[in-house]
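Asker: Shown below is the structure under consideration.
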Amino acid sequence: MIIAANLKTNLTREKTTKYIKEVENFLSKNSISQEVFVFPAISSLNLHAGKIVVGAQNAYPAINGAFTGEIGYEQLEEFGIKTILIGHSERRHIIGETQEELVEKFNFYKNLGFKIIYCVGEPLNVREAGFEKMMEYISKQYEGIDCNYENLVIAYEPVWAIGTGLTPTVDDIVAIHKELKKKSSAPLLYGGSVKVTNAKEVLALDGVDGVLVGSAALYAEHFCTMCEYAQALGK
Ligand code: PGA
């Protein structure tokens, strides 16, 4: 299974280094063989060797150049980063990235062979419009994306569940994942208010190949417990 921590705009470089060390020690001590990803803030990236795969939360689709405030492949390469999150709802809805921009980013990093965790998910008003409308909305987020890309992982994250403590019912997660699996056979993660108290249940669901965790992953101890749950399930 895949257990991923999205640290967002949290933790300094020093705290991130401590965090990664703590998780790394836990994984070794407990012989965790699951795929574990950590996405630190860009300024907290560092060289890392171990079980954890460190990825970038974002990067511009360029090797380098005149893109003030952005980082490109050259800056990721310095830290051996070969994994990137694309399409996170905070980038779509707060930063305003369009599907076209995300497709450009996707193709750029795909051509460089990156592992891409591509996020999809609907806002509350779309969810309230019913299952069909919701699937239509999510389908648009697949437009232009190569669903057969070998290094693709998809994360289904309902926007209204991110950082709110709300989650869909387990039946909803199963039903949506079943639909999404028809679009791509890539591993499919669930994200949105996953925490120690619900991770075991979510990880065990049919069609769930892992979780993408934000707030609850900020506590290394909690994140480690979730890795342990995934290991115990041995899916
Ligand atoms: P959350 O965030 O766990 O805080 O809801 C998940 C995410 O944004 O990936």
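Asker: If you check Leu203, Leu189, which single one turns out to be surrounded by 20 or more Cβ atoms within 10 Å (Cβ to Cβ), modelled with pLDDT of 95 or more and over 13 Å from the mean Cα position of the chain (by Cα)?
Answerer: On the way: Leu189 fails: over 13 Å from the mean Cα position of the chain (by Cα).
Step by step, each of Leu203, Leu189 is checked, and only Leu203 is surrounded by 20 or more Cβ atoms within 10 Å (Cβ to Cβ), modelled with pLDDT of 95 or more and over 13 Å from the mean Cα position of the chain (by Cα).
Asker: So for segment 105-118 (the condition being within 16 Å of the chain's Cα centre (by Cα) and within 14 Å of the ligand (Cβ to nearest atom)), does at least one residue qualify?
Answerer: Looking for residues that are within 16 Å of the chain's Cα centre (by Cα) and within 14 Å of the ligand (Cβ to nearest atom), one finds at least one in segment 105-118, hence yes.
Asker: Still on this model: Quick one: how many residues across segment 82-109 are open to solvent by 20 Å² or more (accessible area, probe 1.4 Å) and among the hydroxyl-bearing types (Ser, Thr, Tyr)?
Answerer: Number of matching residues: 1.
Asker: Still on this structure, please answer the following. Scanning for something closer than 25 Å to Asn198 by Cβ, acidic (Asp, Glu) and touching a Phe, Trp or Tyr at 6+ places or on another chain (Cβ under 8 Å), does segment 115-136 turn up at least one residue?
Answerer: Yes, segment 115-136 contains at least one residue that is closer than 25 Å to Asn198 by Cβ, acidic (Asp, Glu) and touching a Phe, Trp or Tyr at 6+ places or on another chain (Cβ under 8 Å).
Asker: Continuing with this model, one more query. Restricting the first residue to segment 192-218 and requiring it to be more than 21 Å from Leu85 (Cβ to Cβ), which pairs with a second residue that is modelled with pLDDT of 95 or more and among the small types (Gly, Ala, Ser) meet a Cβ separation below 8 Å and a spacing of at least six or different chains?
Answerer: Pairs found: Val196/Ala216.
Asker: Further, regarding this structure: Does segment 33-51 hold any residues that are surrounded by fewer than 19 Cβ atoms within 10 Å (Cβ to Cβ), aliphatic (A, V, I, L, M) and in a loop (DSSP other than H, G, I, E, B), and which are they?
Answerer: The answer is Ala41, Leu47, Ala49.
Asker: Residue by residue through segment 206-225, note down the ones that are within 14 Å of the ligand (Cβ to nearest atom), open to solvent by less than 50 Å² (accessible area, probe 1.4 Å) and closer than 20 Å to Leu11 by Cα.
Answerer: Leu212, Val213, Gly214, Ala216, Ala217, Phe223
Asker: Within segment 11-26, is even one residue among the β-branched types (Val, Ile, Thr), open to solvent by less than 60 Å² (accessible area, probe 1.4 Å) and either closer than 24 Å to Val159 by Cα or not in a helix (DSSP H, G or I) (or both)?
Answerer: Of all residues in segment 11-26, those among the β-branched types (Val, Ile, Thr) come to 12, 16-17, 20, 23.
Within this subset, residues satisfying the condition of being open to solvent by less than 60 Å² (accessible area, probe 1.4 Å) are 16, 20, 23.
Now restrict to residues that are either closer than 24 Å to Val159 by Cα or not in a helix (DSSP H, G or I) (or both): none.
Among the residues of segment 11-26, not one is among the β-branched types (Val, Ile, Thr), open to solvent by less than 60 Å² (accessible area, probe 1.4 Å) and either closer than 24 Å to Val159 by Cα or not in a helix (DSSP H, G or I) (or both), which makes the answer no.
The values are calculated or read from the model by the stated rules, or taken from the named source; none is laboratory data. All values derive from a computational prediction rather than experimental measurement. A quick note on method: Cβ atoms are made from the backbone with ideal geometry, for glycine too, and the neighbour counts reach across all protein chains shown. The accessibility values were calculated without ligands, DNA or RNA, using every heavy atom of the protein model including side chains. Shrake-Rupley method; radii C 1.70, N 1.55, O 1.52, S 1.80 Å.
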